1. Looking at A:G201, A:G223 in this structure, which one is farther than 18 Å from B:A472 by Cβ and in contact (Cβ under 8 Å) with a residue 24 or more places away in the chain?
2. For the stretch B:338-346, does any single residue satisfy the condition of being surrounded by fewer than 20 Cβ atoms within 10 Å (Cβ to Cβ), hydrophobic (A, V, I, L, M, F, W, C) and assigned to a helix (DSSP H, G or I)?
3. Output the number of the condition that A:A306 fails; it satisfies all remaining conditions of (1) over 20 Å from A:V74 (Cα atoms); (2) open to solvent by 20 Å² or more (accessible area, probe 1.4 Å).
4. A:Q418 passes all but one of (1) open to solvent by less than 50 Å² (accessible area, probe 1.4 Å); (2) of a type outside the set (D, E); (3) away from chain B (no Cβ under 14 Å); which number fails?
5. From the list A:D301, A:D258, A:D279, exactly one residue is away from chain B (no Cβ under 11 Å) and open to solvent by 40 Å² or more (accessible area, probe 1.4 Å). Which is it?
6. Can you pull out every residue in the stretch B:373-391 that is more than 7 Å from every other protein chain (Cβ to nearest Cβ) and assigned to a loop (DSSP other than H, G, I, E, B)?
7. Exactly one of (1) within 22 Å of B:Q352 (Cβ to Cβ); (2) of a type in the set (K, R); (3) without any contact (Cβ under 8 Å) to a residue 60 or more places away in the chain is unmet by B:K414. Its number?
8. Closer than 20 Å to B:P477 by Cα, buried (at least 21 other Cβ atoms within 10 Å of the Cβ), in contact with a Lys or Arg (Cβ under 9 Å, 6 or more places away or on another chain) and more than 10 Å from every other protein chain (Cβ to nearest Cβ): is that true of B:A446 in this structure?
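The values are calculated or read from the model by the stated rules, or taken from the named source; none is laboratory data. Note that the structure is a prediction, hence the values are computed from the model and not measured. All Cβ positions, glycine included, derive from the backbone under ideal geometry; neighbour counts span all protein chains shown. Remember, those area values only see protein heavy atoms, side chains included, never the ligands or the DNA or RNA. Shrake-Rupley method; radii C 1.70, N 1.55, O 1.52, S 1.80 Å.
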Amino acid sequence: MTTHETTSPGRTSRSCGCPDFDEARLALSRRRLVGTALAGGAVALGPSLAGTGPQAYAVTGRTATALAAPGGSVLVLLSLRGAADGLSLVVPHADPVYYAARPRLAIPAASLLAADAMFGLHPALAPLVPMWNSGTLAAVHATGMATPNRSHFAAMEAIEDAAPGSSERNGWLNRLLGELPGTSPLQGTAMGNQVPTSLFGAHPAFVVNRVDNAKVSGTEEDGRRLASLRHAWTGSSPMSRAVRDAISGAETFGLARDTSAGTPTPAYPGTGLGKALSDVSRIVRSGVGAEVITVDQGDWDMHTDAGTLEWGDMKRNAGDLASSIAAFFADLGPAADRVTLVTLSEFGRRVKENDDYGTDHGFGNVMFVAGAGVRGGRYYGSWPGLHDTLDGDLLVTTDYRSVLAEVVTRRFGVSVAQVFPGFAPQAVGVMA
Amino acid sequence: MAKDRPTLLSPSQRHLVTRFGYGVDATLARDVRRAGGASAWFERQLTRPGSFPDAPAEAVRRWWPDLDRKPADLWQRQVQEVRGGWQVMEDYGRWLLVRRIRTRRPVLEKMTEFWEGMLHVPVSGDAQFTWRVDYGDTIRRHALGRFDQLLLETTTHPAMLIFLSAATSTKRAPNENLGRELLELHTLGAGQYDEDDVKASARILTGWHVDLWKSWDRSYVKEDHWTGKVEVRGFSHTNRKADGRAVTKEYLRYLAHHPDTAHRVCERLATKFVRDDPPRSLVKRLAKVYLRNDTAIVPVLRALVASKEFRASAGDKLRDPSEDVVATYRALGVEVGRPTRNDSGANAMIWQASGLGLSPHAWPRPDGTPVTDDVWASPARALGSMSMHWSMAGGWWPSHGLRYREPKAWVPAKKPIRFKDLVDDVSRDLLHRPASRRLLETACLATGCKAREKIDREHGLYQWGFPRLLAAVLDSPDHLAC
């Protein structure tokens, strides 16, 4: 298929009379050379509309080979947006203040799962108990940022940027990408519509809503549409970059589109998170070179109606979280040995419940770590004790970056200094 | 063909009406010319929008009768599984999109959209949907008025009270949700308040009530109002009375007139209508105008448009997903008819917007639809836009309840047209500007045609290749930028 790379594109017969055509053409060839080094697309020689013969540049199609060593580690960062209540997800049943401060919201100790002397899991997390028991799921409590920040938006930026004091807009996962070998345009992939702060930065990030949509429509016949798009979007604006990333990502994405959705037991719930993780599994199993993948679950901002064991948003959201993660790891099959999933929220909730079955913005939270390399089946972190006051917060005893640092150093072998500048992590022990 | 070309607005006029409109078409260009130019048109849009007859846009509301049902009625229909709230909210988004396509009062519509973004109540949500259409209507009434009045209306509106948990907040443990976001998102801005301010803000707002899940009536419940001294960023009140409505009003008036609010409102305006990261000096100037005019919006918009920063920003903004959908319909001159099926164009439009990343006011977080480009400049957005442009360039989808123009709109019946002239015609028609050299090159690459090639109705481009040309124009930065 490389014939057309090395032969002259036949300028005379192809010139459209456009002044910049030759330059555009050269740019096209350069891009093609880079592109085809990665992808083994097929040349489609469609008829010209004007009947002037084959289109020398016409290339489309999809990747024929996987781009990265299929054995590499994969990190899935699952963001619980809106600030999840860690005190409901992993309940400190041995702290009496918890029950005093939450007369209606507290989860009864007798109903907790995987309980130890101090903690237990919310009953809606039942689908995760097998992973807990088999040692591939752990929780680290009282985690968060060094100083409280109760603004959703400022806290999300800060926690995903993870470089306090730096004014560069460069998320920690983007810095991690910079440390990883590999050339796939999908190396950093976000599920959704926007690049999250964690992935934002100098290295390209692919964003995909649904795997099946990750293609450039109108490119089936020949390469004309891609050629024109590349010519139109040569600038340095954010959208120019997005268009180019979209094209290279969509070309590489062929294998993921060809990988069928799994039908694991337990099944994925029919929720946004369930669908997203089903797609993440396809991406990982297809071997397209995605190493860092972000997924969001929203609706954790439960000022009202968090509810009880019988009803409410907590039961619903926690159940969705647990079913989705359990299905995801079952679906991965052998690839589960490569995938580590971490949950993160911008901050936690206050200890004291408010008047309508909810909680207001707080501080410390719990993080779950699941999958490859996890020393699971236990709770990590140091418990600071709770206070039943209006301002009573779960204090942070473990910087969230210590947990993340352990994941990235153990799974990817990168240095902490590059990913979390100026940060000296403490040992958590959650990763082998 | 060339002699029939419509006169184009000058680049600076085009810039103003593009940034404050939804895409320049022949009707809009005529309105501008008749008004005596873009500045005069803008002034009339600001002060007398009613002087632009808008019956075709007004008529659209009747296409979706659920938009005018009362909250309790909507709720009953949801409970009885007649029609779900999410479906009514889809209608709301559809109505907005078709209205934006048709309206001759784009500045009012654009400002309504702007405030609905800043004072955000998402359309999704099982409780607030009951009041959500009324919320948008309320904002439209104040969109070119004064911010202090707008803020009072939105903060105490049932949709906002429900969404940010104030509808059931009581003095026993005041819910901080609205009290906080009022300070952070609607007025002073992040970093301009502390946690004590949040608590006092929440206390002031207790008492405003909505009868959730029952009548959905709004009321003021004095027994729920927290009394006692409150202080928020320089606002202080003894707050002794059980009826806290007067305190709320004073408090909101204070916030609306605060210099930090002036800065925040004007920064968002400048970000949306000038460019991402607007110069501080511009924001400062606008904030002064805002304060000097008792929070009136119109003088601020006048000053913004008169600024050199605005004039220099032509083409610097990226259309967001909804703007891309609306501009694409307007550019192609697609006629949208009353929907009769689920997949009629007027209905399908909402899925087109969400395919690009977001349907109107569906942003899930309280900070509202972002006004910076970087959020929308993502590969997923690019793929979504290209997909929509492609399917609409060919008139393939949506196809029901719409009328697309045929290639004969551009290719004359008798005399062939040179490809470069054809591209120029299409560019003038779709983008209201002559074809740039790059656009011509792009069109050559997209179609395989040469610049001087003659196109007639026997030509392959006319016969079946025309979507390639239209898509190339729609995919270009010239269409996506505004």
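1. On inspection, the qualifying residue turns out to be A:G201.
2. No, the stretch B:338-346 contains no residue that is surrounded by fewer than 20 Cβ atoms within 10 Å (Cβ to Cβ), hydrophobic (A, V, I, L, M, F, W, C) and assigned to a helix (DSSP H, G or I).
3. Tallying (1) over 20 Å from A:V74 (Cα atoms); (2) open to solvent by 20 Å² or more (accessible area, probe 1.4 Å), A:A306 fails exactly one: (2).
4. Status for A:Q418: all satisfied but (1).
5. Sole residue among the options that is away from chain B (no Cβ under 11 Å) and open to solvent by 40 Å² or more (accessible area, probe 1.4 Å): A:D258.
6. B:W376
7. (1)
8. No: the conditions fail for B:A446.
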